[in-house]
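Below is a structure I'd like to ask you about.
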Amino acid sequence: MLDFAPTEEQEEIRKLAQSIALDHLRPHARKAEAEHDSPNELRLTLAQTGLTTPFPEEYGGSGPLEAVTYTLIAEELAYGDPGLALNIVGSLMGPLTVWLAGSREQQERYLPTFGDSTSGYLQRGSLAFAERTGGYTLADIHLQARRTSDGYLLNGTKRDVVHGQRADLRVVLARLSEHESESPEGKLCAFVLSGAQEGLSIQAEEEKLGLQAAPSATYLFNQAQLPAEALLGEAGSSGVVRAATLYQILRAAIACGTARAAFEYCSAYARERIAFGRPIVSYQGIAFIIAEMAMKLDAARLLTWRAACSWDRGEADETLIHEAESAQRQAVKMAQAATTDAIQVMGGAGFMQDHPAEMWMRDAAAME
Amino acid sequence: MIDFTLSKAQQAARDYAHQVALEEMRPLSLECDRTEEIPESFFWNMQRRYWGGAAAQARAYGQDEGVKQENLLSVISQEEMAWGDAALATAIPGPGLAAPPILSQGTPEQQARFLSIYMDGQLHWGALALTEPGIGSDVAGMSTTAVLDGDEWVINGHKHYITNGARADLIVTFATIDKRLGREGIRPFVVPKGTPGLIVGRIEKKMGLRASQTAELIFENCRIPKENLLAGRGEKKEGFKAAMGTLDATRPMVGALAVGIARAAYEAACEWLREELPAGYPPHKRRAWEEELKELGQEIEMARFLVWRAAWMADRRIPNSKEASMSKAYAGALVMKATATAVRITAPGEESERKLLIQKWFRDAKVFDIFEGTAQIQRLVIARRLFPNIDIP
Ligand SMILES: Cc1cc2nc3c(=O)[nH]c(=O)nc-3n(C[C@H](O)[C@H](O)[C@H](O)COP(=O)(O)OP(=O)(O)OC[C@H]3O[C@@H](n4cnc5c(N)ncnc54)[C@H](O)[C@@H]3O)c2cc1C
């Protein structure tokens, strides 16, 4: 039955995430941008709330993840700061992909270190999704894996891998062709890379337009030979699709949070700023821009929630892919427009680094 | 709990309305648009299928599911109706736009007296007359007057662009009882068809929604009983503001109609690419169109969700004027984009019925950014709700 209200429990979690976003993310945003990372204290704070360990208790987690709940959390974190939100979510996607796509044995091997109550917060995961030849859709994943006698041979690229350089757990999405004759597309699958991988070159991405608080790297695979146990679960399983679409949904939520930050910030400014004797928001030229922003944000958020609901209900893979990719496309596009318009509303001040609007505009642009 | 799945009643309402749209509306669509006439048989079929069928079914299910959901059920069916034909959808017998002010501003006695005439199984319509040649968006400046003379109100003035104005049995007419009071002086009156002094003027020729009747109404010393003033109920007789508030409730419905047309155009353009693509059409162009249509499909889903959310809030009595305006503004702009895109994509190739329908929908679409509050007025409503302490003129 159609319903648009979060549960009371979700509302409480959302509020918790919001208070962390305002107390711990927003104030550290510029510093994190300069240092290209999140401070350890922030990671500890988040770990203590359980927000960053949404996997089963048996592995030290705070209970299995619900996509709707985590969509609310991700929006709040991005409302604090988009770069830090991506830093946190990007790390989380490593263990989450193991949980969603891996065998029981693989879960037992990789998850407990992330759930460890004293040192888990220092762990970084990562999920390599986008490639040099495309964007964040599953159809753009071409990293090629071929079965060999004792494992898999990987060739291709990855870009924008959050924590790619320092990660303790590196997961990559790829396409597996079982036989030479098979279609080049191959089955979607995920591999875990070990620390020093021959045939893999990892390059830190230093000069980024935005989202600098989420350190990222490019992977270049050239005949990289992986052992058989590197494959998470089975190729072509729903688990991999669920991990990939979850990332897309959370990226959509981050885009919504970014847009909301820009919307609220420029609204407050427009209320106070006086021109020709009146608050600028009393002019329709400004008021209508902001009204439009609010409307389109709500539209994209509803699309994102719908995808998250389907994820929680365990809808078929094709449905999940369609809905998650729609949400991501629309939310990112919306966030780019909202952050750009926020600067317009603020005039010259919006262009200055004294205000966060210019950073959010760069962050939204860097989500492509 | 956030949920985007339709309940049994919601799905049933959608399926039923879709079937009605497919069987009763689509087959008549082009002909009614051409002649600007609707055959009597359509009205009777709708009377039978819609009031006897869908409405009763919805009531039964709605009660089963134990929640108030008349707004949701209504927007769900409206989308399907407009997918069939939006002009015909506005002509379905019933109190129509007259119902909300009667329900919210009428005493129980008035509600019984006015709405009972729609229950006799015959064909009846209702209308709402707000707009005048001199005013549209700025309703407070209206010049139609109502003066109490003994036991009767005497109405004088001029209304135009009134949907179903010439066939309505009851016309809820807004008039001022004292121009010096501005908007506070405006009241809704129920004027029955055939009242001496109520003159039906011209029927407009329009770009689109041609089968929908848009009439001019002239009031010359038109006398109605004192009891036909809708004066508000109970302690709080809020008059104008409350009466206008009922229009908020209808905005998601208009949004739903816009979504229905947008979807029809989107589906037709997709089908055209699949079935009517002329030989030799460049593949790269086809791919570009497919990309554009994909985005359009996503925007249609967002528009629908905004409409559903606004209706859901109305059912729960959560104040929703901002969200209602969002749904109407978003869908109103989208339907124009969707129909224009469909016209553009299907321009090459041979003439076909599909293309004629697309062109009709394109002509129908523009009005959704105009009536029930223009695009600008919706944005004003949203902005005023976002900034309650600031005067945005
Ligand atoms: C097919 C059709 C059916 C209709 N059915 C009905 C009906 O059943 N009953 C009824 O009462 N009316 C009906 N209308 C009238 C409709 O509601 C009005 O046309 C509408 O409200 C706009 O009023 P207007 O045409 O006088 O335009 P105006 O109010 O003159 O507006 C002209 C332009 O000025 C802009 N504008 C006005 N005020 C502002 C402002 N404050 N800030 C920024 N811009 C502003 C408007 O957005 C618009 O772009 C119908 C209209 C049509 C086309």
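No solvent, one uniform scatterer per C-alpha: report log10 I(q)/I(0) for segment B:54-204 via the Debye equation at q = 0.12, 0.17, 0.20 1/Å, two decimals.
-0.60, -1.10, -1.38
Can you pull the semi-axes for segment B:168-236, root of five times each eigenvalue of the Cα gyration tensor, sorted largest first, whole Å? Spell out each step's value before the answer.
Numbers: eigenvalues 136, 46, 34 Å².
Square roots of five times the eigenvalues give 26, 15, 13 Å.
Using a 7 Å offset from Cα along Cα-Cβ at B:ARG286, what residues in segment B:326-363 end up with backbone N under 17 Å from the label point?
The answer is B:345-350.
In addition: As a test of reading the structure, rank B:THR163, B:THR176 by solvent-accessible area (1.4 Å probe, protein chains only), most first. Spell out each step's value before the answer.
Values: B:THR163 40, B:THR176 5 Å².
In descending accessible area the options line up as B:THR163, B:THR176.
Quick one: what do you get for segment A:200-351 if you divide its Cα Rg by 2.2 N^0.38 Å? Intermediate results must be reported in sequence, preceding the final value.
Numbers: Rg = 20.5 Å, N = 152, 2.2 N^0.38 = 14.8 Å.
Cα-based Rg divided by the globular estimate yields 1.38.
What average number of partner chain Cβ atoms lie no more than 10 Å from the Cβ of the residues making up B:293-302? Before the final figure, lay out the partial values.
Details: counts 0, 4, 4, 0, 2, 11, 6, 0, 8, 14.
Counting other chains' Cβ atoms within 10 Å and averaging over B:293-302 gives 5.
Of all the C-alpha pairs in segment B:240-386, what % are more than 24 Å from each other?
Numbers: 3981 of 10731 pairs.
It works out to 37 percent of all Cα pairs.
Show me the three semi-axes of the equivalent ellipsoid for segment A:8-123, from the C-alpha gyration tensor (sqrt of 5 times each eigenvalue), largest first, rounded to whole Å. Don't skip to the end; give the middle numbers.
Details: eigenvalues 109, 53, 28 Å².
Result for segment A:8-123: semi-axes of 23, 16, 12 Å.
Could you pull the accessible area for A:ASP116 with a 1.4 Å probe, rounded to 10 Å²?
Only protein atoms counted, so the area is about 60 Å².
Let me ask something else about it. Relative to the longest principal axis of the C-alpha atoms of chain A, give the angle of the C-alpha long axis of helix A:40-49, reported between 0 and 90° and rounded to the nearest 10°.
90
Alpha carbon centre of segment A:72-116 versus segment A:128-147: separation in Å?
20
Let me confirm one metric for peptide B:120-128, namely the mean number of other chain beta-carbon atoms within 10 Å of its residues' beta-carbons. Present the calculation step by step, with values, prior to reporting the outcome.
Details: counts 0, 0, 0, 0, 0, 0, 0, 0, 0.
What the average comes to for B:120-128 is 0.
Right, next: What are the radius of gyration and Dmax of chain B, computed over its Cα atoms and given in Å?
Rg, Dmax (Cα atoms, Å): 21.5, 77.
Here's a follow-up. Compute the helix-to-body angle for B:283-315: its Cα long axis versus the longest principal axis of chain B, expressed 0 to 90° and rounded to tens.
The helix B:283-315 is inclined about 30 degrees to chain B.
Also: Do you know the relative contact order of segment B:238-355, to the nearest whole percent, from alpha carbon pairs under 8 angstrom that are 6+ apart?
Values: 107 pairs, mean separation 53.9, N = 118.
Taking the mean separation of contacting Cα pairs over the length of segment B:238-355, I get 46 percent.
Just the accessible area per residue of chain B, please: how many Å² with a 1.4 Å probe? Let's see the in-between values first.
Values: 16630 Å² over 393 residues.
About 42 Å² of surface per residue is accessible.
Which residue fluctuates most in the GNM of chain B (Cα springs below 10 Å): B:VAL200, B:VAL190, B:VAL172?
Checking each option, the largest mean-square fluctuation is seen for B:VAL200.
Still on this structure: Given a cut-off of under 8 Å on Cα pairs at least six residues apart, what relative contact order in percent is computed for chain B?
Values: 693 pairs, mean separation 66.3, N = 393.
Normalised by residue count, the contact order of chain B is 17 percent.
Probe radius 1.4 Å, ligands and nucleic acids left out: which of A:SER117, A:SER126, B:SER143 has the largest accessible area, and how do the rest follow?
A:SER117, B:SER143, A:SER126
Rounded to the nearest 10 Å², what accessible area does A:TYR121 show when all protein chains are kept and the probe is 1.4 Å?
60
Accessible area per residue for segment A:8-123 in Å², computed with a 1.4 Å probe and the full protein assembly in place, what is it? Walk me through the intermediate numbers first.
Details: 4680 Å² over 116 residues.
I get 40 Å² per residue for this part.
Out of B:THR35, B:THR90, B:THR246, any idea which swings most in a Gaussian network model of chain B, alpha carbons joined below 10 Å?
Result for chain B, Cα springs under 10 Å: B:THR35 fluctuates most.
From largest accessible area down, sort A:ARG278, B:ARG385, A:ARG251, B:ARG180; use a 1.4 Å probe on the protein chains. Write out the running numbers ahead of the final one.
Details: A:ARG278 75, B:ARG385 140, A:ARG251 5, B:ARG180 210 Å².
Ranking A:ARG278, B:ARG385, A:ARG251, B:ARG180 by accessible area, largest first, yields B:ARG180, B:ARG385, A:ARG278, A:ARG251.
If you build a Gaussian network model of chain B, linking Cα atoms that sit under 10 Å apart, which residue out of B:LEU28, B:LEU73, B:LEU230 swings the most?
Looking only at B:LEU28, B:LEU73, B:LEU230, the largest GNM fluctuation is found for B:LEU28.
Estimate for me the total accessible surface buried between chains A and B (protein heavy atoms, probe 1.4 Å, no ligands or nucleic acids), in Å² to the nearest 100.
Working: alone 15910 and 18470 Å², together 30640 Å².
Result for this pair: about 3700 Å² buried.
Could I ask something else about it? Residues of segment A:287-307 losing 20 Å² or more of accessible surface, assembly versus chain alone, probe 1.4 Å, please list them.
SASA drop of 20 Å² or more in segment A:287-307: A:ALA287, A:PHE288, A:ALA291, A:GLU292, A:ALA294, A:MET295, A:ASP298, A:ALA299, A:LEU302, A:LEU303, A:TRP305, A:ARG306.
For segment B:274-343 and segment A:269-290, what is the separation of their Cα centres, given in Å?
Value for the Cα centre distance between the two parts: 30 Å.
Now for a different question. Taking every Cα atom in chain A, find the radius of gyration and the maximum pairwise distance Dmax, and write them in Å.
For chain A, the Cα-based Rg and Dmax read 20.6, 78 Å.
Still on this model: Output ³J(HN,Hα) for segment A:80-88: one whole-Hz value per residue in order, computed from phi by the Karplus curve 6.51 cos²θ - 1.76 cosθ + 1.60 with θ = phi - 60°, and x for Gly and Pro.
For segment A:80-88, the Karplus curve yields x, 7, x, x, 5, 4, 5, 4, 6 Hz.
Let me ask another. With a 10 Å radius around each residue's Cβ, average the other Cβ atoms per peptide and rank A:256-268, B:36-48, highest first. Could the numbers behind the result be given before it?
Details: A:256-268: 25.1, B:36-48: 15.5.
Going from most to least packed, we get A:256-268, B:36-48.
Another question, then. Which Rg and Dmax, in Å, describe the Cα atoms of the protein assembly as shown?
Cα radius of gyration and Dmax of the protein assembly as shown are 29.3, 102 Å respectively.
If you don't mind, there's one more thing I want to ask. Given the whole protein assembly as supplied and a 1.4 Å probe, what does the accessible area of A:SER103 come to in Å², nearest 10?
Taking all protein chains as shown, A:SER103 has close to 50 Å².
The values are calculated or read from the model by the stated rules, or taken from the named source; none is laboratory data. In this text, all values refer to a predicted model and were calculated from it rather than measured experimentally. Every residue, glycine among them, receives a Cβ derived from its backbone with ideal geometry; neighbour counts consider all protein chains shown. Heavy atoms of the whole protein, side chains included, go into the accessibility calculation; ligands, DNA and RNA do not. Shrake-Rupley method; radii C 1.70, N 1.55, O 1.52, S 1.80 Å.
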